[in-house]
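What follows draws every value from the coordinates through simple rules; no lab data is involved. The model shown is predicted, which means the values in this text are computed figures rather than measured ones. All Cβ positions, glycine included, derive from the backbone under ideal geometry; neighbour counts span all protein chains shown.
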There are 2 protein chains.
Amino acid sequence: MSELNMISAFRLLQAADDFKARLSGTFAAVHGISVNEYFLLLHLKQAEKNRLPRVELARRLHVSASTITRMVAPMEKIGLVDRGTGERDARMALVVLTDTGAEKLSEAQATFEDHACYLFEDRWSESEIDQLSTLLGRLVSGAPGNLT
Amino acid sequence: MSELNMISAFRLLQAADDFKARLSGTFAAVHGISVNEYFLLLHLKQAEKNRLPRVELARRLHVSASTITRMVAPMEKIGLVDRGTGERDARMALVVLTDTGAEKLSEAQATFEDHACYLFEDRWSESEIDQLSTLLGRLVSGAPGNLT
DNA sequence: TAAATATACTTGCGTTCGCAAGCTTATTGC
DNA sequence: GCAATAAGCTTGCGAACGCAAGTATATTTA
């Protein structure tokens with residue numbers, strides 16, 4: 001039944017868009033970072049040795065390589081990330097999470113948690129959230145650099 | 001359990017972002033429109049008399065009013081939408097879906113359906129998709145201008 | 001009724017993004 | 001080992017966006 005597929009996809013996009021819009025406002029106001037910058041820090045945090053090449057970040061955030069270059073520059077300036085060199089490949093300019101960046105991420109995580117709780121609050125039982133999480137998990141299981 | 005809430009929210013954002021990225025590429029290549037333009041047409045299609053004020057479109061698409069102005073201009077030029085005037089409020093410059101726009105939307109719907117089917121294909125049973133759809137439906141039920 | 005406020009839309013300006021081109025370094029083929 | 005190709009990163013340029021200001025119309029208030 002393809003109609004059901006379409007409705008699911010609509011709701012997926014709309015639910016994510018609404019959530020992201022609310023999140024975006026709070027992040028900008030409270031932490032002074034964008035949602036994408038938050039995810040960038042998060043990917044670094046979960047990466048081996050807290051560092052990733054720019055191309056990999058571009059793939060994971062669904063943005064171009066040039067966007068990563070321009071997104072990282074100011075983050076480097078305020079000390080959230082640092083620039084590392086590839087050990088075996090001198091082309092790579094690795095993005096490295098700093099202690100300051102990890103701290104900023106930690107603060108943002110608290111905000112994210114607030115929003116995530118508010119998203120389900122009240123009307124949702126734990127088993128329902130678990131169901132949703134499991135189903136969504138199957139959608140992202142194949143994605144490169146899965147955050148969960 | 002807030003950890004579970006966060007994981008669900010992560011997966012929601014990631015699943016939607018992945019899907020949207022794939023959709024975006026096909027829409028641009030096949031139909032020459034963006035995902036946002038597709039949703040704009042869709043909202044018009046489901047609106048009474050196939051027309052909506054620009055402010056309402058801005059709210060639903062989570063973009064600014066100026067973005068709607070600049071997004072609609074080229075769509076008007078190629079005949080996808082038309083400009084209507086509010087009957088009781090002369091400030092409103094309503095965006096009206098044309099027959100050409102409805103046809104373009106219909107073509108895009110087919111593409112969307114393809115992607116939606118591919119998203120769940122194989123590994124998903126109908127009851128699982130139904131579960132996901134129901135759960136996501138509760139997330140968007142409060143949203144203004146719900147598409148489903 | 002007249003002034004003050006609010007709403008819908010547009011435009012100017014600065015910022016951000018993707019694409020294409022260029023630079024540097026790795027890898028492949030002969 | 002050297003030329004040819006590929007991969008990672010940066011930069012120039014045009015397109016798209018949000019914010020703030022401006023215009024026009026509605027609504028509220030005195």
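When you check A:LEU147 against the structure, is it within 14 Å of chain B (Cβ to nearest Cβ) and at negative phi, yes or no?
Yes; evaluated as a whole, the condition is true for this residue.
Can you name the number of the only condition in (1) within 11 Å of DNA strand D (Cβ to nearest atom); (2) in contact (Cβ under 8 Å) with a residue 12 or more places away in the chain that A:HIS115 fails?
For A:HIS115, the exception is condition (1).
Within the stretch B:63-94, which residues are more than 10 Å from DNA strand D (Cβ to nearest atom) and either within 14 Å of another protein chain (Cβ to nearest Cβ) or assigned to a helix (DSSP H, G or I) (or both)?
The answer is B:MET75, B:GLU76, B:LYS77.
Here is a list of conditions, (1) surrounded by 12 or more Cβ atoms within 10 Å (Cβ to Cβ); (2) under 15 Å from B:ASN50 (Cβ atoms), and B:ASP99 meets all of them except one; can you say which number that is?
Only one criterion is unmet by B:ASP99, namely (1).
Scan the stretch A:128-136 and give yes if some residue there is within 22 Å of B:ALA143 (Cα to Cα), among the small types (Gly, Ala, Ser), within 14 Å of another protein chain (Cβ to nearest Cβ) and buried (at least 17 other Cβ atoms within 10 Å of the Cβ), otherwise no.
yes
Kindly indicate whether A:VAL81 is in contact with a helix residue (DSSP H, G or I) (Cβ under 6 Å, 6 or more places away or on another chain), without any contact (Cβ under 8 Å) to a residue 12 or more places away in the chain and within 19 Å of A:ASN36 (Cα to Cα).
no
Identify, from the list B:VAL81, B:VAL72, the residue that is more than 10 Å from DNA strand C (Cβ to nearest atom), β-branched (Val, Ile, Thr) and crowded, with 16+ Cβ neighbours inside 10 Å.
Checking each option against the conditions leaves just B:VAL81.
Assess whether A:ARG22 counts as being more than 15 Å from DNA strand C (Cβ to nearest atom) and either within 15 Å of the chain's Cα centre (by Cα) or within 14 Å of chain B (Cβ to nearest Cβ) (or both).
Yes.
Given (1) buried (at least 20 other Cβ atoms within 10 Å of the Cβ); (2) within 14 Å of chain B (Cβ to nearest Cβ); (3) over 14 Å from the mean Cα position of the chain (by Cα), identify the lone condition not met by A:ALA108.
(3)
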